[in-house]
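Asker: One structure is given below, represented as structure tokens, and several questions about it will come after.
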Ligand SMILES: [Zn+2]
């Protein structure tokens, strides 16, 4: 048999995973494929003698965890995690069928190609490569493949952390999405963004109460009016700018690399010049609150006694309490606030041996690589794993073509991963895990 390298195999594994439809609709009744994908992963690992544990949080909501013993078992373990679910795709909008795993124009196409079956495939290819040669990593590596990352993580990482925390015993650091991808400055310089922080999530419901009544009368206590005023005020409000250590470091380093003058009093001017990554960074300099749902009334001529709205709030590390005071000042004293779902922000420093190893692994494969820390405005499984005291990083290495609008591919139409970038990623990941 021909020797198989991780770089060869990663493409096949990624294609296989893309062909398993793991659409997570947010409704357990219509969410599919997580069990099938987890069984596929299990097969890829057990084939080489790696023991796996498969845990379902609900029927077919499968999560898989495996531990590869390292040479020095007294050292803290490294958790390497990826989710198996994807957001749904509307085939009518795509150039190729979204679950075909088609390869064309140098890309593998399909829902999940960058979010995040690419990294799932890389991790499998790397450890299978080790098992073939008998390589033992320096410390324990814990692999986790989760369900439900795309709809709140309740059936995935949150379940694992709550019910099976023992599987992560001794894990001190973790890598997963969203980071490690390149942003080209010029031929000789590519910035690789490493996620070291995530904003917190606070989904709130605002409730206004009033006096019910007939729609034909003069009425000065209308719940719909009160709610609408509060929602409009929140939607138009710009919360004060707060530059956290991660964002400050990002802005300084990126400004220096791009030769942009950074105005510390007005970093948004600098951010606007960042092109395709401006989107990614723009929401990390302040708390945000976006109204997303409204509910009131049941008949055209009846004034209801209550009305409610959902606000999607994202808070910077350390800002959750301050944010609530700020929000209260915007909506006034009479609106009731209900917390629907809350997950704390996470932030870790851009320092230590693992961070240095990330830079070294990238530079070994791309001499023009420079790592830069950044904060993600969204949320990932890192939120759950960090509650176990694990330092979480977004590092799923990918070298991208300079002109690819990467952030637009997340949950986007025609999601695809460059085949060369995927093979680059597997080599970087292999180096990193061997050096960690
Ligand atoms: Zn993801």
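Asker: Which distance in Å, rounded to a whole number, links the C-alpha centroids of the range 305-336 and the range 362-415?
Answerer: Using only Cα atoms, the two centres lie 30 Å from each other.
Asker: Counting just the Cα atoms, what span does the range 202-332 cover along each of its three principal axes? Round to the nearest Å and put the largest first.
Answerer: Principal-axis extents of the range 202-332 (Cα, largest first): 64, 28, 20 Å.
Asker: Right, next: Taking 0.36 nm per intervening residue step and subtracting the Cα-Cα distance, what contour gain separates residue 278 from residue 410 on full extension?
Answerer: Gain on stretching residue 278 to residue 410: 46.0 nm.
Asker: Could you sort 392-400, 159-167 so that the peptide with the highest average Cβ count within 10 Å comes first and the rest follow in order?
Answerer: Values: 392-400: 25.3, 159-167: 15.9.
Going by the mean number of other Cβ atoms within 10 Å, highest first, we get 392-400, 159-167.
Asker: Would you mind checking the tilt of helix 117-133 against the longest principal axis of the Cα atoms of the chain, expressed as 0 to 90 degrees and rounded to 10?
Answerer: 20
Asker: On alpha carbon coordinates alone, what is the Rg over Rh value for the chain, Rh being the Kirkwood radius?
Answerer: Here the Rg-to-Rh quotient is 1.01.
Asker: If the chain between residue 12 and residue 104 were fully stretched, how many nm would it gain, using 0.36 nm times the residue separation less the Cα-Cα distance? Working shown, then result.
Answerer: Working: separation 92, 0.36 × 92 = 33.12 nm, distance 1.40 nm.
Contour length minus Cα-Cα distance gives 31.7 nm.
Asker: Let's test the formula: R0 of 41 Å, r as the Cβ-Cβ distance of residue 301 and residue 325. What FRET efficiency results, to the nearest 0.05?
Answerer: It comes out at approximately 0.55.
Asker: Can you tell me what the convex hull of the Cα atoms of the range 103-212 projects to on average, as an area in nm²?
Answerer: Computed as one quarter of the Cα hull surface, the answer is 14.1 nm².
Asker: Rg/Rh for the range 240-289: what does it come to with C-alpha atoms and Rh from Kirkwood?
Answerer: My calculation puts Rg/Rh at 0.92.
Asker: By how many degrees, between 0 and 90 and to the nearest 10, does the Cα long axis of helix 320-331 differ from the longest principal axis of the chain?
Answerer: 30
Asker: Please give the length that would be gained between residue 228 and residue 131 if that part of the chain were fully extended, namely 0.36 nm times their separation in residues minus their C-alpha to C-alpha distance (nm, one decimal).
Answerer: This chain segment gains 28.9 nm when fully extended.
Asker: What residues from the range 301-336 fall in the zone where the backbone N is under 14 Å from a label point 7 Å along the Cα-to-C-beta line of residue 205?
Answerer: Under cut-off, by backbone N: 306-312, 336.
Asker: Placing one identical point scatterer on every Cα of the range 96-167 and ignoring solvent, what is log10 I(q)/I(0) from the Debye formula at q = 0.23, 0.24 Å⁻¹?
Answerer: Result of the Debye calculation: -1.06, -1.08.
Asker: In a solvent-free Debye calculation with one equal scatterer on each Cα, what is log10 I(q)/I(0) for the range 261-384 at q = 0.13, 0.15, 0.18, 0.21 Å⁻¹, listed in the order of the q values?
Answerer: Treating every Cα as an identical point scatterer, log10 I(q)/I(0) equals -0.78, -0.95, -1.18, -1.35.
Asker: Calculate how steeply helix 419-435 sits against the longest principal axis of the alpha-carbon atoms of the chain, using the helix alpha-carbon long axis, and give the answer as 0 to 90 degrees to the nearest 10.
Answerer: So the helix axis and the longest Cα principal axis differ by about 80 degrees.
Asker: Compute the distance from the alpha-carbon center of the range 104-172 to that of the range 246-302, in whole Å.
Answerer: If you average the Cα positions of each part, the centres end up 30 Å apart.
Only the coordinates and a few stated rules stand behind these numbers; no lab work does. As the structure is a prediction and not an experimental result, all values here were calculated from the model. Don't worry about glycine lacking a Cβ; one is built from the backbone with ideal geometry, like all the others, and counts go over all protein chains shown.
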